[in-house]
Amino acid sequence: MSSVSSTLRLGEALVQQGLLSPQDLQRALEVQSRTGERLGRILISLGLVKRQQLYQALAKLWQIPFVDLLQVRLNQKLAQRFDPQVLVRERFFPFELQDSRLRVATAEPPSPALLETLQTIVPNCQVDLYVTSEWDIDYAIRQCFRDQILDRAVHGLYYRNPQECAFTVLTFWQYLVLALLILAVMLGLYFATRPTLIGLNFLVNLAFLGSILFKFVVALGGAKSEQVQPISPAEVASLNEDDLPTYTILVPAYREAKVIPLLLNNLQRLDYPAAKLEILLLLEEDDHETIQAARAAKPPEQVTFVFIPKGQPQTKPKACNVGLFFARGEYLVIYDAEDRPDPDQLKKAVIAFRKGPPNLVCVQAALNYFNYNENFLTRMFTLEYSYWFDYMLPGLDRLRLPIPLGGTSNHFRTEVLRQLGGWDPYNVTEDADLGIRAAANGYGVGVINSTTYEEANNHLWNWIRQRSRWIKGYIQTVLVHSRNPFALLKRAGLRNTFGFLMLIGGTPLTFMAAPILWVFYLLFLLTGTRALDFLFPPLVLYISLFNLLFGNGLMIYLNMLAVFKRHYYSLLFYTFLNPIYWVLHSIAAYKAFWQLLTRPFYWEKTIHGISRELQVSRQTP
């Protein structure tokens with residue numbers, strides 16, 4: 001695309017050809033003076049010029065021919081002599097080699113560096129340059145490198161470090177340890193029934209107590225500071241738009257036809273120079289309904305459709321890895337299709353990265369729900385998320401413990417994300433895994449004082465499907481990062497390892513342990529103390545009573561704190577119903593454990609667009 005020094009010539013050429021009015025040119029030049037962005041990108045982002053028209057005008061200015069790569073036969077064998085990542089980064093594509101003449105399409109001004117690169121890879125040839133659009137180049141790369149892109153998206157992390165990938169569910173040593181533990185329990189129950197039952201009861205209660213106290217201490221740490229990485233409105237207002245980097249937004253959308261129009265409206269509310277936004281809409285190539293809806297919505301020019309090649313596993317992290325391959329922004333964020341981020345969130349993320357330490361790889365915005373007052377599930381979900389993002393994550397950051405990321409509104413340094421291997425497509429809670437993997441490799445994750453509003457699940461089975469997937473992913477993450485405990489301790493340190501085990505390991509454990517404790521409590525009430533005396537020596541009894549009375553009380557108290565911080569006073573009564581919500585968690589946890597054994601990589605799709613509020617929004621003209 002044209003450089004800043006040639007912007008006037010480009011503008012004049014477009015006016016001269018009748019493709020742009022003088023008034024629109026003046027408008028674009030005013031935006032350029034404020035943002036410092038290239039005129040061509042500004043014209044496209046404002047919808048003043050079609051992309052192909054712009055590049056045809058550039059072809060005349062650069063005095064080289066224009067080529068439409070969609071209309072030529074691509075030479076796949078030739079293209080594969082080049083690194084596709086270089087083609088994406090440098091914006092060129094070799095499409096024909098005949099009689100020692102190499103024909104290359106470029107979306108950037110011809111440069112000696114480009115010619116040197118071409119001569120190095122294809123020596124002793126005459127180079128003929130052509131102009132084409134960035135979209136054409138991305139299309140050609142997807143066509144010629146389809147298998148390589150899919151392989152990188154699926155197996156990139158495994159190739160980088162198999163020990164960090166959930167492709168292997170259990171290693172030999174994990175199978176062996178698990179088998180020995182089961183054998184030891186069975187032998188203990190047979191030869192020493194009473195001591196074994198007491199020991200199991202003690203361990204379950206102790207683990208439950210440890211997890212609850214850990215979360216309480218972390219939440220208190222989060223309550224001590226209003227926000228982590230606090231960014232004031234004055235700091236946001238002081239940003240110069242010409243100093244802002246290109247920002248890539250990844251939006252994985254699978255079976256999301258209902259919410260695509262709302263998604264585009266929400267993204268247009270972002271307070272960020274449109275010409276510096278690269279929005280990649282990640283669409284599964286066999287999801288024809290969502291593709292049709294996306295085309296019908298007529299998105300702005302800075303929205304690019306990236307079609308995800310069909311292949312297993314068909315998961316969100318695989319789609320995000322394809323998006324990461326094409327991303328050109330210095331920073332990158334993921335939004336789900338129904339998300340409503342605060343308009344200034346991208347600017348706050350930029351400030352947080354600039355203020356943070358060099359090893360800061362990611363900042364997480366808070367998540368909450370716009371349909372929080374719809375029914376019992378949405379109210380309990382909102383209480384849970386308010387507690388998690390307003391207290392737990394800031395507390396983890398304050399105590400310098402690893403932060404498991406949420407599924408959306410994670411802002412990354414793009415190049416460091418690539419160095420980490422992107423997302424694990426075999427882990428169904430890829431976000432939490434990535435946060436732990438970043439900590440294990442010496443990188444930090446922070447929190448910013450910005451909120452993205454999502455759609456809370458308002459259907460019971462849909463909620464259980466979603467929650468069981470999350471819990472299954474937590475178990476996967478524990479299995480992956482505990483394969484070599486000594487290596488984890490060496491890389492992550494004792495503090496991070498402890499935090500990881502208590503949070504990621506403790507969460508599924510408490511959900512699965514809760515029904516066992518409830519059964520004991522129920523038997524205790526029905527049969528009287530003497531019938532179960534043998535299971536409850538004094539120490540075990542005291543811990544059990546503490547869990548029953550104070551464990552639930554602590555969780556209710558933390559949910560109450562969330563009510564007051566978010567001013568959701570209408571939800572105060574529902575904090576007392578937290579034990580009922582835990583029953584649902586336990587059902588989801590046992591479903592997750594069973595599915596880990598039977599379908600470890602199956603991604604249970606959460607249905608979006610079913611909230612009454614979204615249905616009303618779609619009907620509003």
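Nothing in this text is a laboratory measurement; each read-out follows from the coordinates by a stated rule. None of the values given here were measured: they were computed from a predicted structure. Here the Cβ is made from the backbone with ideal geometry for all residues, glycine too, and neighbour counts use every protein chain on show.
Overview of values
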read-out	value
Partner aspartates and glutamates for K490 [C-alpha distance under 16 Å; skip if fewer than 8 residues away on the same chain]	E164
Cross-link table K50/K258; K276/K318; K318/K605; K318/K472; K258/K565; K316/K591, entries beyond 23 Å C-alpha to C-alpha	K50/K258; K276/K318; K258/K565
Percent of beta bridges antiparallel (DSSP, the chain, rounded to nearest 5)	30
Packing-based order for 119-127, 19-27, using average beta carbon neighbours within 10 Å, highest first	19-27, 119-127
Among A438, Y55, I334 the positive-end extreme of the charge dipole of the chain (Cβ point charges)	A438
Compactness of region 1-150 - radius of gyration and Dmax, Cα, Å	16.3, 48
Reach of K355 by Cα under 19 Å, taken over lysines that are not fewer than 8 positions away in the same chain	K347
Local electrostatic count at F511 - Lys and Arg +1, Asp and Glu -1, tallied over other residues with Cβ under 15 Å	+4
Peptides 342-352, 453-463, 196-206, 165-175 ordered by average Cβ neighbours within 10 Å, highest first	342-352, 453-463, 196-206, 165-175
Hydrodynamic radius (Kirkwood) for region 4-62, which is based on Cα pairs only, to one decimal in Å	11.1
Kirkwood Rh and Cα Rg combined as Rg/Rh, the chain	1.03
Helix-only mean residue ellipticity at 222 nm for the chain, each DSSP H run of n ≥ 4 adding -39500 (n - 2.57), per residue, nearest 500	-17000 deg cm²/dmol
Within-9-Å neighbourhood charge of E241 [Cβ basis; K, R +1; D, E -1]	-1
Taking only Cα atoms of region 476-547, radius of gyration then Dmax in Å	17.3, 51
Long-range amide H partners of E96 with built H, under 5 Å	R103
Distant-in-sequence amide H partners of Y331 (H built 1.01 Å from N, under 5 Å)	T248, T414
Kyte-Doolittle at least -1.0, axis length at least 24 Å by Cα - qualifying DSSP helices, the chain	172-191, 193-223, 460-481, 506-527, 578-598
Shape of region 69-144, Cα gyration tensor, a/c cut at 1.5	rounded
DSSP-assigned coil residues among trypsin sites (Lys or Arg not before Pro) in region 376-473, each with at most 15 further Cβ atoms within 10 Å	R400
